[in-house]
Each structure stands twice: as C-alpha cells, then as structure tokens.
Amino acid sequence: MYLLPFPIIGGLLAWATVYLLGFRKQRWGEFLLGLAAFFIALIVQNPLQQLPLLGMGIRENADVIARGTAFTIGVSIWLGLVAGIVQEGVKYLLVKGKSLGTGVFLGLGFGITEVFVIAGTALATSVATGKPLDVSASNALLSLVERYFAVLFHVGTATYLAYAYREGYGKTGLLAIIGLHTAVDSMAAYYQLTKSEPVLYAAEIVAAVIAVGLLYYTVPKARPEAVEEEKVLW
C-alpha cells in the first residue's frame, strides 16, 4: 500500500477528535502559534542532538550500533531527552499564563505540522532515492494510529502545561511532561537505530496511554473555558 495518505489521515482524525471533544470553534491564531512552535523546536533540537554525536565521529546509525548496546541505549536516551526538553520547553513558554484553550489549539497546531513535515520528508526522500513509499497494510495502519496518538499527545501536553502553570506548579508540571516525552521519544529513537519492533510497539502503547490520560485529565477543565470564549459579548 502507498504509505503517504495514512499518517495524514491519522492526523486529521486526531483533529476531528478534538472537535468532537467540544472544541468546535477553531482558534487559528493559536493553531498557527503551534505551527511556529514546531519549527522553533526543530531548529533548536536538531543541532543539540547531532553535534555531540558528530564530535564523536558518528555519521550514521551503523556507527552507533557498532559501539554496543549500552552506547545505543545512551544515545537513544540523549535524543529523547533533548526532544523532550526542547519541544515541551517551547510549548511551556508559549502557553504559560494563557487559557487552556490556547494549550489545546497550540498543541494541535504543533502536532498537525509535525504530521505534514514527516509526510513531506518521506515523499522528498522517496523522490530523491527513487525508492517507492509502498508498505504492508499493517505498517500503513500503524503509521495512521501512530500519528493519531502523536497529535493527541501534543494536544494533551500543551494543555496540561497551561493548566499546571495556572495552578501554580508550572515548573514541576514541565519536568513531569519532559520526563514522559523523553520516555516515548527515547523508545522511538531506539527503534530508529535498531529497528526493534517490540520497542516500537511499546513506544506506541506508552504514547497512546499518556495521550488518553492527559486528555481525560485536561479536557473537562478546558472545555468550559472554550464554551465561555465562544459566547458573543454585547
């Protein structure tokens, strides 16, 4: 099956889920802020992740694997930690002091932007290398599910960060979310390095549980604010 539509469908289904959860008025300003947050994080994250590895003479995944399991695990944790600190740090700076609705749509913009960047990168790589984007039906479905929960993960984390700041424990909340993000991305990085499918499935399950848990906790708090903000005041 042709891969490209599936992650995009997953992202759009996540967007529909946010709509059905009660956030029917689209807040495009916050959505675009999430788009900007993604690219800010990307610009900062990639050099921080790669420069230390390049300094050790590592140029590709095989160079990491060649140094053994412990080193591979260490690199995976490093990649996940930097991603967690940078991505959640940028979200935190942009949602602190803002409404929970801002967190919802900033996280949504962040996650949807990530979907299209990943899809665009895959397409560009396919064109450049001449390799088709054909995958098995199970892998296509997995990419859909993975992007669905990834978008909801970003929605949940951004909303929780806004809530934690409002309730007076913003820094503690940020550290907790960085820890969760680090765990998920470290497993994802380990899979990218080793192609270990059990680790991939574990990462997907953990990300899904975190996303659902954060939404379950934050949506009842954010939805009343969204309803109030939609009222016309005369």
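Remarks
- Every residue from the range 96-147 that is touching a Pro at 6+ places or on another chain (Cβ under 7 Å) and not aliphatic (A, V, I, L, M): Ser126, Ser143, Arg147
- Near pairs, Cβ below 6 angstrom, 6+ apart or cross-chain, from the range 56-80 (closer than 18 Å to Val184 by Cα) to any residue that is surrounded by 14 or more Cβ atoms within 10 Å (Cβ to Cβ) and charged (D, E, K, R): Gly80/Asp185
- Filter pass, Ala203 being within 25 Å of Val18 (Cβ to Cβ), open to solvent by less than 40 Å² (accessible area, probe 1.4 Å) and without any contact (Cβ under 8 Å) to a residue 24 or more places away in the chain: yes
- Those residues of the range 57-116 which are among the hydrophobic types (A, V, I, L, M, F, W, C), part of a loop (DSSP other than H, G, I, E, B) and open to solvent by 20 Å² or more (accessible area, probe 1.4 Å), in sequence order: Ala66
- Long-range neighbours under 7 Å by Cβ, at least six apart or interchain, first residue closer than 16 Å to Phe153 by Cα within the range 14-36, second open to solvent by 30 Å² or more (accessible area, probe 1.4 Å) and modelled with pLDDT of 95 or more: Ala14/Tyr148
- Yes/no for Val184 being β-branched (Val, Ile, Thr), surrounded by 14 or more Cβ atoms within 10 Å (Cβ to Cβ), in contact (Cβ under 8 Å) with a residue 60 or more places away in the chain and closer than 22 Å to Asn61 by Cβ: yes
- One residue alone among Phe39, Phe23 is within 22 Å of the chain's Cα centre (by Cα) and not in a helix (DSSP H, G or I), and that residue is Phe23.
- If the condition is being touching a helix residue (DSSP H, G or I) at 6+ places or on another chain (Cβ under 7 Å) and open to solvent by 50 Å² or more (accessible area, probe 1.4 Å), then the range 1-20 contributes Met1, Ile9, Leu13, Trp15.
- Output for the range 1-58, where each listed residue is within 30 Å of Ala137 (Cβ to Cβ) and small (Gly, Ala, Ser): Gly10, Gly11, Ala14, Ala16
- Pair list, Cβ < 7 Å and 6+ apart or interchain, from the range 117-143 residues that are loosely packed, with under 13 Cβ neighbours inside 10 Å to residues that are assigned to a helix (DSSP H, G or I): Pro132/Ser126
The values are calculated or read from the model by the stated rules, or taken from the named source; none is laboratory data. Small disclaimer: the values here were computed from a predicted structure and weren't measured. Methodologically, a virtual Cβ is constructed for each residue, glycine included, from the backbone with ideal geometry; neighbour enumeration extends over all protein chains shown. Please note that ligands, DNA and RNA were not included when accessible areas were found on the heavy atoms of the full protein model with its side chains. Shrake-Rupley method; radii C 1.70, N 1.55, O 1.52, S 1.80 Å.
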